[in-house]
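Reading through the structure tokens given below for one structure.
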Amino acid sequence: MSALLTTSVGSFPKPEYLIRARAKAAKGDLSAKELHALEEKATAEWIRFQEEIGIDIPVDGEQYRGDMATYFAENIEGTVISGLVRSYGNRYYKKPIITDELRLRGPISVDWFRFAQKLTKKPVKGMITGPYTMMDWSFDEYYGSREEACLAFARLLHQEAVALRDAGAKIIQVDEPALSTRFDELPLLVKAVGIVTQGLDTKTILHTCYGNYNEIFEYFNKLPVDQLDLEMSNSGLDLLDRFKREPLKKEIAFGVIDVHSHVVEPVDLIRERIEKALTIFRPDQLYIDPDCGLKTRTVEEAQAKLRNMVTAARAVREAHHLTSGKG
Amino acid sequence: MVRTAVVGNYPRIGVSVEEQSLRRAIARFDKGEVGELQLQEAEREVVKAVLREQNEAGIDVVADGQITWYDSQSHIARKLASVEINGLVRYFDTNTYYRQPIVRGPVRWTQPILVDEWKFAQANSRAPVKAVLTGPLTLSTLAVDKHYGKKGPFVKDLASALAEEVAALVAAGATHVQIDEPALTLYPKDVSLALEGLDTIASSKGAATLTLFTYFGEVTKIFKELQAAPADLLGLDLVQGAKTWGLLSKSGSEKPLVLGLIDARNTKPEDPRTVAKQVLTLKGKVDLASSYLSPSNGLEFLPRDKAREKLRILVAAAKHAGVAA
């Protein structure tokens, strides 16, 4: 039986050389080919790092993405990319604008999945920005209805999910950070994610973060995926009591690392968090990961955090005589 | 026959190099390469440009665009006594974030918050500049309360503090003051708290025109109560709050309105004639001559070029409504 498998949510920080290269490419001072080579280099480095520290389910680190919605939209016909809008502070991003019927130009993330999977024997996650988030984070000048736009994205992203599976992905994660923004639209989200995951024989995961979980709790068991990936340490682990009363019928990837803090959590603190999770969830149901993508941390911070996370998970396994199930 | 107003915030950067001056200045400030004065200068240049854009578009009541605000909550709360500013939290359904205020003791007004900013803006605008404040219900709802334990006294103290700020703004010459209560669209049950707070604030407005603005949703459940609000104008988001439009078009409004009919959350351009027609269906049901047409909320959620376009649409729609009337 596998227990306490370690993984990551998706993004890792880009190394300095890649940040500089992206800035140069944006100004037209670096060719797309040269940039691509550096993105491959960074991806390979992150896969190597995850192998080194012994993460069970690696990710490609999204070194080739800017914004998670914009990256997918850039590869979907019927969208253009807007000017800059503010996220917070001095951070800005470009939003997709839907101007026509959405159509898939071809697989979006499949080549990157293949590239990463070739570098490791462990199962790399396929990663899709979910249809509800794609809709919520886009301007819509075409459909005129949030539901229609969302379902249009869902149908395309289903094709992407199938293409990832056909390329060998054993695990497919749908990212829906916008999940908790409008509670009255949760049925739409369930329907849209259901379209994406329909008929997939892979393991499916839904990741969300930084929302009011209490309001969405009753939907957790209705989400059409095998595993929920939740930010738990930032919200002070206060959801655990509710899970005790209303058990989760799915697997859970339990965030034990605060991705917005510079502080590298000590191994003991992470162990404590895992032990708490183990009082509610079965070891085979429980996966260990950071709260969210680590891209806003420095490379050093992200690596130190992941290293401690893996060490802590290993220590808890040993203390409970569990194995990772990997032999 | 219907005038135009904006709601508050406005995009602070655009695509061109010149329009990114503030982004560069903040980055340099963060690295310690420029001081606070230079940063303030960069901010003020953008405030001037934003006011110029609104004046040139022909908006009747403008705003400073909240260019210097980190966000709608911490900019107001940070200058009140007993408030600390904490980490980032998602702001309603906007995919933007605010720094969350934490209240550790009785909240009090100790110093002017917006007065200097307002004075600077008014000195750089032909049209009257509206002073915009986040309302006591919204401030309390989005903050962490470590002191009061109950929303009632918390809202009450915030309202008293904001009343002092409004008095200072009016003394400085502000003729238009707006209190934003987006929280009402999410928590309509708190309407009486919001209106009690507004009552306190209204007592210091003097001769200024006071607007209560709700956005990010509909307010049909509390429309009756809002009609009795101690404000001169009621601002409504009629895009995300399309249901409010449904009610309004049937029953009209005793109180003059700020009609948020231009979609400030989507880039799709409205047809000004269609908007004008929509406004004119309210003839006889709403005092349009005392009302304003506006975006559904602040324009900051749009790219700068699209925000400019929305200003043009807004003014064109009001003109069509005037001609057709």
Considering (1) in contact with a Gly (Cβ under 7 Å, 6 or more places away or on another chain); (2) open to solvent by less than 10 Å² (accessible area, probe 1.4 Å); (3) of a type outside the set (D, E, K, R); (4) under 21 Å from B:Ser74 (Cα atoms), say which one B:Leu186 fails and leave the rest. (2)
Complete set of residues in segment B:264-295 that are out of contact with any Ser or Thr (no Cβ under 9 Å at 6 or more places or on another chain), touching a residue at least 60 places away in the same chain (Cβ under 8 Å) and either surrounded by fewer than 17 Cβ atoms within 10 Å (Cβ to Cβ) or within 14 Å of another protein chain (Cβ to nearest Cβ) (or both): B:Ala289
Using the structure shown, decide if A:Val264 is farther than 21 Å from A:Gly325 by Cα, assigned to a loop (DSSP other than H, G, I, E, B) and at pLDDT 95 or above. yes
Exactly one of B:Lys283, B:Lys255 is more than 21 Å from the chain's Cα centre (by Cα) and modelled with pLDDT of 95 or more, and that residue is B:Lys283
Test: B:Gly197 is more than 27 Å from B:Ala264 (Cβ to Cβ) and not charged (D, E, K, R): no
Within segment A:273-288, of all residues that are open to solvent by 10 Å² or more (accessible area, probe 1.4 Å) and among the β-branched types (Val, Ile, Thr), the one nearest to A:Arg317 (Cα to Cα) is A:Thr279
From the set of residues in segment A:49-70 that are within 12 Å of another protein chain (Cβ to nearest Cβ) and among the aliphatic types (A, V, I, L, M), which is nearest to A:Ala312 (Cα to Cα)? A:Met68
Of all residues in segment A:122-161 being among the charged types (D, E, K, R) and open to solvent by 10 Å² or more (accessible area, probe 1.4 Å), the one that is farthest from A:Ala192 (Cα to Cα): A:Lys122
Matching residues in segment A:71-91 - criterion: being at the interface with chain B (Cβ under 9 Å from one of its Cβ atoms) and assigned to a loop (DSSP other than H, G, I, E, B): A:Gly89, A:Asn90
Among the candidates B:Thr94, B:Thr141, single out the residue that is within 14 Å of chain A (Cβ to nearest Cβ) and assigned to a helix (DSSP H, G or I). B:Thr141
Answer with yes or no whether B:Thr110 is open to solvent by 10 Å² or more (accessible area, probe 1.4 Å), β-branched (Val, Ile, Thr) and away from chain A (no Cβ under 11 Å). yes
Quick check on A:Arg297: is it under 28 Å from A:Gly66 (Cβ atoms) and away from chain B (no Cβ under 14 Å)? yes
Take B:Arg126 and tell me if it is in contact with a strand residue (DSSP E or B) (Cβ under 6 Å, 6 or more places away or on another chain) and either part of a strand (DSSP E or B) or more than 14 Å from chain A (Cβ to nearest Cβ) (or both). no
Considering only segment A:186-210, state which residues are farther than 16 Å from A:Thr7 by Cβ and open to solvent by 10 Å² or more (accessible area, probe 1.4 Å). A:Pro187, A:Leu188, A:Val190, A:Lys191, A:Gly194, A:Ile195, A:Thr197, A:Gln198, A:Gly199, A:Leu200, A:Asp201, A:Tyr210
When segment A:168-214 is checked residue by residue, the ones that are more than 14 Å from chain B (Cβ to nearest Cβ), in contact with a helix residue (DSSP H, G or I) (Cβ under 9 Å, 6 or more places away or on another chain) and of a type in the set (S, T, N, Q) are A:Thr197, A:Gln198, A:Thr202, A:Thr204, A:Asn214
Against the condition touching a strand residue (DSSP E or B) at 6+ places or on another chain (Cβ under 7 Å), in a strand (DSSP E or B) and crowded, with 22+ Cβ neighbours inside 10 Å, how does B:Val89 come out, does it pass? no
I'm checking my understanding of the structure. Among residues of segment B:1-28 that are touching a strand residue (DSSP E or B) at 6+ places or on another chain (Cβ under 7 Å) and away from chain A (no Cβ under 11 Å), which one is most open to solvent (accessible area, probe 1.4 Å)? B:Arg3
What number of residues in segment A:92-112 are within 14 Å of chain B (Cβ to nearest Cβ), surrounded by fewer than 22 Cβ atoms within 10 Å (Cβ to Cβ) and either touching a helix residue (DSSP H, G or I) at 6+ places or on another chain (Cβ under 6 Å) or at pLDDT 95 or above (or both)? 3
A:Ile270 fails exactly one of the following numbered conditions: (1) open to solvent by less than 30 Å² (accessible area, probe 1.4 Å); (2) of a type outside the set (Ser, Thr, Tyr); (3) more than 14 Å from chain B (Cβ to nearest Cβ); (4) touching a His at 6+ places or on another chain (Cβ under 9 Å). What is the number of that condition? (4)
Looking only at residues that are of a type in the set (S, T, N, Q) and without any contact (Cβ under 8 Å) to a residue 40 or more places away in the chain in segment B:204-237, which one is least open to solvent (accessible area, probe 1.4 Å)? B:Thr214
A:Phe243 meets each of (1) under 30 Å from A:Gly66 (Cβ atoms); (2) more than 18 Å from the chain's Cα centre (by Cα) with one exception, condition (1)
One residue is enough: does segment A:277-296 have a residue meeting the conditions part of a strand (DSSP E or B) and of a type in the set (Ser, Thr, Tyr)? yes
Restricting to segment B:67-92, count the residues that are of a type in the set (Gly, Ala, Ser) and within 13 Å of B:Thr134 (Cα to Cα). 3
Can you pull out every residue in segment B:29-82 that is part of a helix (DSSP H, G or I), within 14 Å of chain A (Cβ to nearest Cβ), open to solvent by 10 Å² or more (accessible area, probe 1.4 Å) and of a type in the set (Gly, Ala, Ser)? B:Ala42
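The values are calculated or read from the model by the stated rules, or taken from the named source; none is laboratory data. In this text the structure is predicted, and so the values were computed from the model without any measurement. Reconstructed Cβ throughout: ideal geometry from the backbone, glycine too, with neighbour counts over all protein chains shown. Ligands, DNA and RNA are excluded from the accessible area calculation, which covers all protein heavy atoms including side chains. Shrake-Rupley method; radii C 1.70, N 1.55, O 1.52, S 1.80 Å.
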